[in-house]
2 protein chains.
Amino acid sequence: MQSTRSSVLVVGSIAFDNLEMPHGTYENVLGGAATYSAISASFLAPTSIVGVVGNDFADSHLQSLRTRGVDTMGIERASGKTFVWRGRYSDDLMSRVTLQTELNVFANFSPKLPDAYKKAPFLLLGNIHPALQSIVLDQVTGPKLIAADTMNFWISGEPRALDAMLKRIDLLIINDEEARELSGIHNIPKAAADIHKRGPKRVIVKRGEHGALLFDSHGVFFTPAYPLEDVRDPTGAGDTFAGGLMGYLARNGEVTPQSLRKAMFFGAALASFCVEDVGTKRLLGLTQVDLAKRLRQFVDLVDHGGPLDI
Amino acid sequence: MQSTRSSVLVVGSIAFDNLEMPHGTYENVLGGAATYSAISASFLAPTSIVGVVGNDFADSHLQSLRTRGVDTMGIERASGKTFVWRGRYSDDLMSRVTLQTELNVFANFSPKLPDAYKKAPFLLLGNIHPALQSIVLDQVTGPKLIAADTMNFWISGEPRALDAMLKRIDLLIINDEEARELSGIHNIPKAAADIHKRGPKRVIVKRGEHGALLFDSHGVFFTPAYPLEDVRDPTGAGDTFAGGLMGYLARNGEVTPQSLRKAMFFGAALASFCVEDVGTKRLLGLTQVDLAKRLRQFVDLVDHGGPLDI
């Protein structure tokens with residue numbers, strides 16, 4: 001049995017993805033933001049997941065998560081089908097369109113935390129309705145760090161619920177287009193400054209293959225994405241990044257400007273594996289040795305060998 | 001008088017740019033790739049420039065370059081008008097269209113190096129016809145490093161002249177779209193590997209606001225662009241990057257994997273100033289103190305505070 005007091009708690013979507021990729025179509029792939037984040041965090045810290053699945057969610061998927069070290073006690077099984085997402089990627093994998101979204105059991109999901117999870121020190125609110133994110137916040141007791149993701153759909157459709165949620169979190173992790181839409185400002189550093197005023201003192205702006213920027217009281221920090229020769233499936237990379245980041249913070253125990261900067265690299269390293277195969281396949285097969293090696297590659301990638309003096 | 005044996009020699013275009021920006025239209029702005037590169041390199045090493053200008057090129061422009069420390073002895077004055085480029089930027093400055101290109105005196109330009117320049121140890125061939133780049137190579141004696149830029153126009157239009165030039169250089173500095181067109185490969189690390197086979201053992205792929213990647217025998221290295229709150233004019237940023245990189249290498253004296261990595265950051269730091277005002281204005285007003293400060297900001301931007309161990 002895993003510890004009942006988890007170090008990272010991830011709340012969000014668990015889904016079946018149907019992925020139309022240039023190299024083939026993949027049906028019923030285990031996906032969902034919370035799934036990717038939890039698997040990723042689990043490499044670094046004890047991790048629990050809260051979400052909902054339907055009758056069609058095979059026990060083998062739950063077993064995969066548990067084998068990876070994810071506590072699945074918080075996965076609710078509801079009557080009906082699991083959330084389904086179908087997307088088609090462009091030939092260069094740089095863009096995608098959503099072809100189908102079937103919420104199914106996710107439509108009536110209201111996250112209810114097992115008592116054992118309520119003191120989770122590191123809480124990651126995946127991209128769900130901001131009112132549901134707030135419902136989770138009503139249930140937790142003094143987490144050390146609350147991070148959340150959101151998306152354009154909620155930014156345009158649920159601005160008040162989103163505003164209320166933003167006031168209660170420490171770290172917002174969104175992509176560049178979302179940062180622009182949320183702030184109404186194109187320039188990313190200025191957009192981040194605007195978002196700080198809405199609540200979160202720390203903002204991470206993800207830019208896909210172009211890396212991620214952190215804006216906090218310490219200034220600005222950048223982590224590149226690893227330049228890979230073979231990218232198979234970008235699905236879930238951003239969620240994997242967020243999960244790895246939270247996992248490192250939980251492992252470290254304290255959130256400092258320094259630990260947050262290191263955490264960005266751990267997130268980026270895990271995300272770099274995510275994209276190497278379809279769905280969660282690469283992550284589920286990953287070893288600590290693989291991760292340690294990629295982290296060293298990341299250090300080399302930006303190591304300018306000392307001070308830059310003139 | 002400056003030393004007659006310059007440390008960096010830049011050969012390429014000197015132009016008047018007409019820039020239609022969202023914040024105004026700017027006519028007859030001193031520009032051209034060689035201009036930006038030479039000004040940038042001059043912060044770090046003695047620099048000379050070879051190019052052609054017309055009767056309309058005011059002595060005050062030459063004086064600005066000389067004040068900056070650029071040796072202008074190699075600027076040929078021909079009868080006619082200076083090269084003119086007119087471009088219009090999108091509102092977000094992320095894209096631009098060329099509205100007009102008047103080659104003028106540049107149409108008949110064949111670079112002729114003053115004897116004093118022929119032993120220049122660091123040679124930067126700006127984006128001109130690859131046959132002209134080769135003509136420059138015929139004139140130099142054993143440079144320590146030959147770097148060159150090119151563009152889609154030559155990649156599609158002059159493939160044989162380009163191939164011949166590529167075999168003779170040490171470092172190709174191009175943007176991501178050019179790397180893709182040259183190699184026929186979308187993936188950047190794979191495109192760089194293909195370009196290595198064509199000659200240059202080192203390839204730098206510039207990605208504008210997303211930074212630059214170096215591929216050499218030591219592996220892959222990444223430098224971000226600095227996340228600025230105010231970007232006024234991206235014109236010349238890539239050339240400024242290349243000039244700063246060569247300037248640092250010349251200042252350092254030796255090309256090693258380590259010096260090349262540091263040079264990437266010097267190039268990026270200088271490029272980050274270039275975009276802060278229209279044309280060369282910010283660069284011409286820059287001090288060594290400004291540059292030293294920006295370099296420290298760059299160190300902070302990627303400083304993950306030690307090993308990334310798990």
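With the condition kept exactly as written, say whether any residue in the range B:94-102 is in contact with a Ser or Thr (Cβ under 9 Å, 6 or more places away or on another chain), within 16 Å of B:VAL11 (Cβ to Cβ) and not aromatic (Phe, Trp, Tyr). Checked the range B:94-102: no residue is in contact with a Ser or Thr (Cβ under 9 Å, 6 or more places away or on another chain), within 16 Å of B:VAL11 (Cβ to Cβ) and not aromatic (Phe, Trp, Tyr).
Tallying residues that are surrounded by 15 or more Cβ atoms within 10 Å (Cβ to Cβ) and either modelled with pLDDT under 95 or among the basic types (Lys, Arg) (or both) within the range A:164-185 yields 2.
Restricting the search to the range B:31-42, which residues are closer than 20 Å to B:GLU76 by Cβ and outside any loop (DSSP other than H, G, I, E, B)?
B:GLY31, B:ALA33, B:ALA34, B:THR35, B:TYR36, B:SER37, B:ALA38, B:ILE39, B:ALA41
For the range A:284-307, the set of residues classified as among the aliphatic types (A, V, I, L, M) and more than 15 Å from A:PHE222 (Cβ to Cβ) consists of A:LEU284, A:LEU286, A:VAL289, A:LEU291, A:ALA292, A:LEU295, listed by residue number. For the range A:207-310, the helices (runs of 4 or more DSSP H) that sit wholly inside it and include 3 or more residues that are within 20 Å of A:LEU124 (Cβ to Cβ), at pLDDT 95 or above and more than 8 Å from chain B (Cβ to nearest Cβ) are A:237-252, A:257-274.
Of all residue pairs spaced 6 or more apart or on separate chains, those with beta-carbon atoms under 9 Å, a first member in the range A:266-290 that is at positive phi and a second member that is modelled with pLDDT of 95 or more and of a type in the set (A, V, I, L, M) are A:GLY279/A:LEU19; A:GLY279/A:VAL29; A:GLY279/A:LEU30.
Within the range B:230-241, does at least one residue satisfy the condition of being buried (at least 20 other Cβ atoms within 10 Å of the Cβ), over 26 Å from B:LEU93 (Cα atoms), in contact (Cβ under 8 Å) with a residue 12 or more places away in the chain and of a type in the set (Gly, Ala, Ser)? No, the range B:230-241 has no match at all.
For A:SER64, the conditions (1) surrounded by fewer than 17 Cβ atoms within 10 Å (Cβ to Cβ); (2) in a helix (DSSP H, G or I); (3) hydroxyl-bearing (Ser, Thr, Tyr) all hold with the exception of (1). Can you tell me which residue among B:GLU181, B:GLU102 is acidic (Asp, Glu), on the phi < 0 side of the Ramachandran plot and touching a residue at least 24 places away in the same chain (Cβ under 8 Å)? Result: B:GLU181 is the single residue among B:GLU181, B:GLU102 that is acidic (Asp, Glu), on the phi < 0 side of the Ramachandran plot and touching a residue at least 24 places away in the same chain (Cβ under 8 Å). Consider the range A:14-61 and keep the residues that are surrounded by fewer than 24 Cβ atoms within 10 Å (Cβ to Cβ) and among the hydroxyl-bearing types (Ser, Thr, Tyr). The one that is farthest from A:PRO121 (Cα to Cα) is A:THR25. Filtered by the rule that a residue be over 17 Å from the mean Cα position of the chain (by Cα) and either part of a loop (DSSP other than H, G, I, E, B) or not aliphatic (A, V, I, L, M) (or both), the range A:188-206 gives A:PRO189, A:LYS190, A:ASP194, A:HIS196, A:LYS197, A:ARG198, A:GLY199, A:LYS201.
Residues satisfying the criterion are absent from the range B:221-228 (criterion: more than 29 Å from B:SER90 (Cβ to Cβ) and surrounded by fewer than 19 Cβ atoms within 10 Å (Cβ to Cβ)). Taking first residues from the range B:139-150 that are under 20 Å from B:ILE195 (Cβ atoms) and partners that are crowded, with 16+ Cβ neighbours inside 10 Å and of a type in the set (D, E, K, R), the Cβ contacts under 6 Å between residues at least 6 apart in sequence or on separate chains come to B:LEU145/B:ASP170; B:ILE146/B:ASP170. Quick one: would you say B:ALA161 is of a type in the set (A, V, I, L, M), assigned to a helix (DSSP H, G or I) and surrounded by fewer than 20 Cβ atoms within 10 Å (Cβ to Cβ)? So B:ALA161 fits the description; yes.
Residues in the range A:168-187 that are over 20 Å from the mean Cα position of the chain (by Cα) and not polar (S, T, N, Q): A:GLY184, A:ILE185, A:HIS186.
For the range A:70-93, the criterion of being part of a helix (DSSP H, G or I), farther than 26 Å from A:VAL255 by Cβ and within 19 Å of the chain's Cα centre (by Cα) is satisfied by no residue at all. Taking first residues from the range A:1-30 that are part of a loop (DSSP other than H, G, I, E, B) and partners that are acidic (Asp, Glu) and at pLDDT below 95, the Cβ contacts under 8 Å between residues at least 6 apart in sequence or on separate chains come to A:PRO22/A:ASP91. When the residues of the range A:173-187 are filtered to those that are assigned to a helix (DSSP H, G or I) and hydrophobic (A, V, I, L, M, F, W, C), the one that is farthest from the other protein chains (Cβ to nearest Cβ) is A:LEU182.
Just to be sure I understand, how many residues within the range A:113-137 are closer than 24 Å to A:GLY157 by Cα and out of contact with any helix residue (DSSP H, G or I) (no Cβ under 6 Å at 6 or more places or on another chain)?
We begin by selecting, within the range A:113-137, every residue closer than 24 Å to A:GLY157 by Cα; these are A:124-137.
Next, from what is left, pick out any that are out of contact with any helix residue (DSSP H, G or I) (no Cβ under 6 Å at 6 or more places or on another chain): A:128-129, A:132, A:135-137.
Of the residues in that region, 6 qualify.
Checked against (1) over 13 Å from A:GLN133 (Cβ atoms); (2) acidic (Asp, Glu); (3) more than 9 Å from chain B (Cβ to nearest Cβ), A:GLU158 passes all but a single condition, namely (1).
For the range A:95-155, the strands (runs of 3 or more DSSP E) that sit wholly inside it and include 2 or more residues that are loosely packed, with under 15 Cβ neighbours inside 10 Å are A:96-102.
The values are calculated or read from the model by the stated rules, or taken from the named source; none is laboratory data. Since we're looking at a predicted model, the values are computed, not measured. Neighbour counts are summed over all protein chains in view; Cβ atoms, including those assigned to glycine, are modelled from backbone coordinates with ideal geometry.
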